Amino acid sequence: MAEARRATIERATGETAIKVALRLAPAKAEIATGIAFFDHMLAQIAQHGQLGLAVKAKGDLDVDFHHTVEDVGIALGMALEKALGDKKGIARFADACAPLDEALARVVLDLSGRPGLYYRATFSRPAVGDFDVQLVREFFQGFANAAKATLHVDLLAGANAHHQAEAIFKAFALALRQAVAPVGAAGAIPSTKGRL
């Protein structure tokens, strides 16, 4: 089963070329998107999600960061969907809160097979350096769609936009770690429908 819990996705469009390698077990993170703050957020997912994550992205950063951030979210979601296979024996549901100093975020995740993002976050300012915080939503929208996951993201508190964004990514990482964890009978699909 351990070997099956990994996937590599290569996704190329007219705007981006992205390779994501995901392993659902701790391993060194190797992240290079050309967007320093985004790399820092992806490193939070790897570290706190206890994931092996390698992301290499080239995008039209001269236009803006939107396509790269969104497409990395899509590729990560695709990699997760592939790594989980039929989802037998996983926890499926998870929720986590994470603080970063004054900031607090909550993420609730269901690897349901039904994509949906329910995002409630108002940031204290519109950007962290040159990173538009609207892109946080775009990343998670891409992920939820491609992973076929129901994802609730709530920013509960915070005054510093960097702290707010990082709390969200850390809460997501913790929830993802819980949701993919093997539990119960290895052959059981966690659904009364018999499939996810």
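Each reported figure results from applying straightforward, stated rules to the coordinates on display, with no laboratory input. Since the model is a prediction, treat every value here as computed from it, not as a measurement. Every residue, glycine among them, receives a Cβ derived from its backbone with ideal geometry; neighbour counts consider all protein chains shown.
Report, in cubic angstrom per residue, the convex hull volume of the C-alpha atoms of the range 6-179. Numbers along the way, then the final one.
Details: hull volume 16.3 nm³, N = 174.
Convex hull of Cα atoms, per residue: 93 Å³.
For the chain, what relative contact order do you get, as a whole percent, if you take Cα pairs closer than 8 Å and at least 6 residues apart? The value is 26 percent. For Leu61 and Ala17, the difference between the fully extended length at 0.36 nm per residue and the C-alpha to C-alpha distance is 14.7 nm.
Report summary: the helix-based calculation at 222 nm, which adds -39500 (n - 2.57) for every DSSP H run with n ≥ 4 and divides by the residues of the chain, gives -11000 deg cm²/dmol.
Sequence gap of 8 or more, or different chains, plus Cα separation below 13 Å: how many lysine pairs satisfy both in the range 73-193?
Working: Lys82/Lys148; Lys87/Lys148; Lys87/Lys193; Lys88/Lys193.
Lysine pairs satisfying the spacing and distance rule in the range 73-193 number 4.
With a cut-off of 17 Å, note down the residues of the range 115-143 whose backbone N falls inside the zone around a label point 7 Å from the Cα of Arg195 toward its beta carbon. Within reach of a label on Arg195, which here means backbone N under 17 Å from a point 7 Å along Cα→Cβ, the range 115-143 contributes 115. The charge dipole of the chain, taken about its Cα centre with unit charges on the Cβ of Lys, Arg, Asp and Glu (plus for the first two, minus for the last two), comes to roughly 1060 debye.
Remark: the Ala188-Ala36 segment gains 50.7 nm on full extension, using 0.36 nm per residue and subtracting the alpha carbon distance.
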